[in-house]
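*Asks:* What follows is a single structure, and I will ask about it in a moment.
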């Protein structure tokens, strides 16, 4: 009897431990534990996006090395929407004849798919928004197999403008984002929630409270150095609001769209990596040059962006038009960009004291893929116009 009792207890404990381990093993990964990586249709295709273009993007990510580098999401921006049927369900327009089939195709490549809407009656391009069909739309997205939602404020501002006070208008916005977040959660499908309201009203302070996994901190980016630099170098003092599951988003990448040169695109990619920003390519992936692909898939740059500690970087020092920006990484090292905002080449300097490193440090040049060895007190180098020297610095 005692032996049977001991055996029973042993079996019971084994079952409990097995169930606990199984539950832990099957627990879903946290949404956006690192900044989302992928592609978005808007910067290059805008309203010309269609089913074929999205499939081509998925094909390119899967075959070019981008998937292996970490690019996961294939995101359809505005202009996919059709009308609503008699029951109020959103439909697609003729550019997207079967969204479920498209999602299945993207998933078959080992990728995920994203879509776009907004809390107002109309989207930014004047298509059907989610107001007041949030629950219906969330269920539709889940049924299609959607993995990511970009939710753009646009026409909802009319309700905010009519509010009896600024505080009331602000609360209306929070309520609108919360409503869609709750609707997404209720579907039971993990869907990354991207807030797009241009950084108004310090969204970084309240974005997590409405379920945001990332939120735009600025207006729209453009494919030119001045606009990119204004946005990127304008992220001062926002680092404390970012971390695993909730990221500041300075907008999508313009790398490869043709408006900047290679040095400027390396600045763009380096700065976004230091900022722990989402990396959402915005070019035509089917027509990339080798240089564009090399910039987008540089292993060490992506490792900086995707560092599991999730520490967003900030400005370390500035001297005239040269600025050092950096972030600490999980292994205790620093990723530092020496940026030259001048229109001509200039000398840049990184003083190790600024990183809290006394004496010597080991320095690696990321874009040159070159170890610079043990250096004393500082590193000085020539930086191209609008360019960057990106470093990993270890004590």
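The values are calculated or read from the model by the stated rules, or taken from the named source; none is laboratory data. The structure presented is a predicted model; accordingly, all values stated were derived computationally and were not measured. When we count neighbours, we look across all protein chains shown, and the Cβ atoms used for this are built from the backbone with ideal geometry, even at glycine.
*Asks:* Which residues, counting only those in the stretch 318-347, are outside any loop (DSSP other than H, G, I, E, B) and either touching a residue at least 40 places away in the same chain (Cβ under 8 Å) or outside the structural domain of residue 379 (by TED's automatic domain parsing) (or both)? Show your work before the answer.
*Replies:* At the first step, the residues of the stretch 318-347 found to be outside any loop (DSSP other than H, G, I, E, B) are 318-319, 322-328, 334-340, 346-347.
Residues satisfying the conditions are 322, 323, 325, 326, 327, 334, 335, 336, 337, 338, 339, 340.
*Asks:* Can you tell me which of (1) without any contact (Cβ under 8 Å) to a residue 40 or more places away in the chain; (2) in a loop (DSSP other than H, G, I, E, B); (3) closer than 19 Å to residue 283 by Cβ is the one residue 221 doesn't meet?
*Replies:* (1)
*Asks:* A follow-up question, please. Condition first: touching a residue at least 40 places away in the same chain (Cβ under 8 Å), over 19 Å from the mean Cα position of the chain (by Cα) and surrounded by fewer than 23 Cβ atoms within 10 Å (Cβ to Cβ). Now tell me which residues in the stretch 173-209 satisfy that.
*Replies:* 179, 183, 186, 187, 188, 189
*Asks:* Looking for something assigned by TED's automatic domain parsing to the domain that holds residue 382, surrounded by 15 or more Cβ atoms within 10 Å (Cβ to Cβ) and under 20 Å from residue 228 (Cα atoms) - is there at least one such residue anywhere in the stretch 351-360? Lay out the reasoning, then the answer.
*Replies:* Taking the stretch 351-360 first, the residues assigned by TED's automatic domain parsing to the domain that holds residue 382 are 351-360.
Next, only the ones that are surrounded by 15 or more Cβ atoms within 10 Å (Cβ to Cβ) stay: 352, 354-355, 357.
In the following step, the residues that additionally are under 20 Å from residue 228 (Cα atoms) were identified as none.
No: zero hits.
*Asks:* Which of the residues spanning the stretch 270-291 are surrounded by fewer than 22 Cβ atoms within 10 Å (Cβ to Cβ) and part of a helix (DSSP H, G or I)? Reasoning before the result, please.
*Replies:* Here is the first cut: in the stretch 270-291, the ones surrounded by fewer than 22 Cβ atoms within 10 Å (Cβ to Cβ) are 284, 286-291.
Selection gives 286, 287, 290, 291.
*Asks:* So, one more: Restricting attention to helices (runs of 4 or more DSSP H) lying wholly within the stretch 25-120, give those where 3 or more residues are touching a strand residue (DSSP E or B) at 6+ places or on another chain (Cβ under 8 Å) and at pLDDT 95 or above. If you could, list the steps in order and put the result at the bottom.
*Replies:* Values: elements: 42-45, 51-64, 66-69, 99-108.
Per the criteria, 51-64, 99-108.
*Asks:* Sticking with this structure for a sec: Determine whether the stretch 231-238 contains at least one residue that is surrounded by fewer than 21 Cβ atoms within 10 Å (Cβ to Cβ), touching a residue at least 60 places away in the same chain (Cβ under 8 Å) and within 16 Å of the chain's Cα centre (by Cα). Spell out how you get there, then give the answer.
*Replies:* First, pick out the residues of the stretch 231-238 that are surrounded by fewer than 21 Cβ atoms within 10 Å (Cβ to Cβ): 233-234, 236-238.
With the extra rule that they be touching a residue at least 60 places away in the same chain (Cβ under 8 Å), the set shrinks to 233, 236-238.
Of the ones still in play, those that are also within 16 Å of the chain's Cα centre (by Cα) are 238.
Yes, the conditions are met somewhere in the stretch 231-238.
*Asks:* I've got another one for you. Regarding the stretch 168-190, can at least one residue be identified that is under 30 Å from residue 59 (Cβ atoms) and touching a strand residue (DSSP E or B) at 6+ places or on another chain (Cβ under 8 Å)?
*Replies:* Yes, the conditions are met somewhere in the stretch 168-190.
*Asks:* For the stretch 81-92, enumerate the residues that are free of Cβ contacts under 8 Å to residues at least 40 places away in the same chain and under 16 Å from residue 146 (Cβ atoms).
*Replies:* Scanning the stretch 81-92 gives 91, 92.
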